[in-house]
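Here the structure is laid out as structure tokens; the discussion comes afterwards.
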Amino acid sequence: MRPQPRRLLLRVGSPGALNRSLTKAPKARVSIPELADEASPLPEGWVVVGWSQTDLTDTVGNFIAKAAYQLEHEIPDFMKGLPQIQSQVESLKRLLKNPNFSVMVTEQHRQASGDPNVPEGQERERGEKGEEEEDEDTCTQSFFGPGDEGEVIETFGTAGVRPPFLEAPTLEAIGRALGSGHFRSVLLMTGAGVSTNSGIPDYRSAGGMYASIRPDLLTAAEEEREAIKRDPTFVANIRLFRQNPLPLLEVKREFVLGSANGTFRPTATHMFARILHEKGYLMRVLTQNIDGLHTAAGVPSEKVLEVHGSIRNCVCSECGTSFPFQNFAEKVRESVKSLHGLDASAPSESSVGSFQCESKFFCNGIIRPAVVLFGESLPKSFDVAMDEEVSKADLLLVAGTSLTVAPANQVPSVVPLSCVRLVINGQRVGEHCGLVFDSPYSQRDLLLEGDLDEGVAALCRAAGWGEDLEGLVDEMASASRETVRRVYAVGEGDV
């Protein structure tokens, strides 16, 4: 993965902010974006302190004053008195008299590929590469000292290159470009948030699966409950599943039965992927979801890469024999208790006996969904997609994912520098993965923060595809139907 610029930005809006201390690492630059010109363009602008042999520490005001002094007194004699030099000196002095500007510190930083929740096999494989590359990176040591005046913002990433057909990274401009056929290789990356309007909880929000787990209700030994209490993701860890599969089956009971009964229907976001496919613009859906709703929405299975597997595929944990999903769901219905008493017909206690594989003599495996648990490796097809497809995308749409789990969260930093990146999510995410949303630094990235289906409906309208999406509302989950109809009932420009 390419190194990502790390930027610290101090908003200087008062004389007191000039007294904030700044420690600059050797391979970091200090610049003033407001003084950008043709020779020193955005996002950095004028560089007032370049690379150095050691760390440099001083106040913000002194760094600027020293830069002005050096320009005025320490340059070669033939340059002294030149109008452009005098203009630069005066510009720096004006900043000190009227402190209303920004100070940017830029340094290179290789984005970490590890994550506390990464499946162990993937973490080892990619972690070794990270160790080899570590010596090439600048340590991220630059920092502003404490102070009440001046806001400090930290971002990672590169603004990239805005395609010539895109006037600005706005919803309207991206929508027009999409509807005009400028984007021919759209990569859609989705997470649990795209399915919440179907009635499927996500994982990491306040009301998500991990937050709602009650270890005391699970069929587990005391030490297993304590481990889940410390780290709720342990319920989906392969180590726990191998010694006791019941906690995961109990947590997933309603999801399994709902999937088998057809309770969950596609959302507007799933249908948007279908529209992209039907118009010939969809290169690939990379989904971290296991619900199968992309294919249920009508996207061909060969266009969908289920990075974490699918609940609808069941196999033996030992011999790998496949089993029909409906048979597995029936075993769940008959043998796994309902944690919150939602199903009166559920057994009062869970048992694992019916999940024993009987397809081969002496096989001691357990029938389980073919999903990737923590501690397991991702499918090889993901590496193929990263190597052969992600680098060809001209539009990346990230929807409903917190971008916290590697290696899937590396996708935004692997797409080409000219690839437009649009994130639709309930919360602000992605800057730790190299996305740059804030003006004036953003060149190709846009964040739509809010309801996913609402954001997708607005994008379709901007692309001129509102009728396409409206024509699919009867196939959507009820919450998505209501959202789409509400958005299109609102006057143009009000969303």
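Structural remarks
- Where strands (runs of 3 or more DSSP E) sit wholly within region 6-64, those with at least 1 residues that are closer than 12 Å to residue 101 by Cα and among the hydroxyl-bearing types (Ser, Thr, Tyr) occupy 28-32.
- With respect to the conditions (1) over 22 Å from residue 333 (Cα atoms); (2) touching a helix residue (DSSP H, G or I) at 6+ places or on another chain (Cβ under 8 Å); (3) in the same structural domain as residue 214 (by TED's automatic domain parsing), residue 230 lacks only one, and its number is (2).
- Entirely in region 378-495, the helices (runs of 4 or more DSSP H) that have 2 or more residues that are free of Cβ contacts under 8 Å to residues at least 24 places away in the same chain: 380-388, 466-470, 478-489
- Residues located in region 1-16, provided they are at pLDDT below 85 and among the basic types (Lys, Arg): 2, 6, 7
Here's the yes/no breakdown for (1) farther than 23 Å from residue 328 by Cα; (2) crowded, with 18+ Cβ neighbours inside 10 Å; (3) of a type outside the set (Val, Ile, Thr):
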position	(1), (2), (3)
220	no, yes, yes
224	yes, yes, yes
242	no, no, yes
252	no, yes, yes
260	no, yes, yes
264	no, yes, yes
284	yes, yes, yes
290	no, yes, no
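- Identity of the residue in region 230-240, over 21 Å from residue 347 (Cβ atoms) and within 26 Å of the chain's Cα centre (by Cα), that ends up surrounded by the most Cβ atoms within 10 Å (Cβ to Cβ): 236
- Test: residue 393 is surrounded by 22 or more Cβ atoms within 10 Å (Cβ to Cβ), small (Gly, Ala, Ser) and either touching a Pro at 6+ places or on another chain (Cβ under 8 Å) or at pLDDT 90 or above (or both): yes
- In a residue-by-residue description of region 420-433, the property of being modelled with pLDDT of 85 or more, buried (at least 23 other Cβ atoms within 10 Å of the Cβ) and farther than 29 Å from residue 372 by Cα applies to at least one position.
- Hey, residue 167 among the acidic types (Asp, Glu), free of Cβ contacts under 8 Å to residues at least 60 places away in the same chain and touching a helix residue (DSSP H, G or I) at 6+ places or on another chain (Cβ under 7 Å) or not: yes
- Flag not set for residue 426, criterion: under 30 Å from residue 228 (Cβ atoms) and either in the same structural domain as residue 235 (by TED's automatic domain parsing) or among the aromatic types (Phe, Trp, Tyr) (or both).
- Residue within region 298-306 that is within 23 Å of the chain's Cα centre (by Cα), outside the structural domain of residue 364 (by TED's automatic domain parsing), crowded, with 21+ Cβ neighbours inside 10 Å and part of a loop (DSSP other than H, G, I, E, B) present: yes
- All conditions but one from (1) closer than 18 Å to residue 395 by Cβ; (2) touching a residue at least 60 places away in the same chain (Cβ under 8 Å); (3) not in a strand (DSSP E or B); (4) not aliphatic (A, V, I, L, M) apply to residue 277; the one that does not is (2).
- Verdict on residue 342 being in a loop (DSSP other than H, G, I, E, B) and either touching a residue at least 12 places away in the same chain (Cβ under 8 Å) or of a type in the set (Phe, Trp, Tyr) (or both): yes
The values are calculated or read from the model by the stated rules, or taken from the named source; none is laboratory data. Note that the coordinates shown come from a computational prediction; the quantities given were computed from them, not determined experimentally. With ideal geometry, Cβ positions are generated from the backbone for all residues, glycine too; neighbour counts draw on all protein chains shown.
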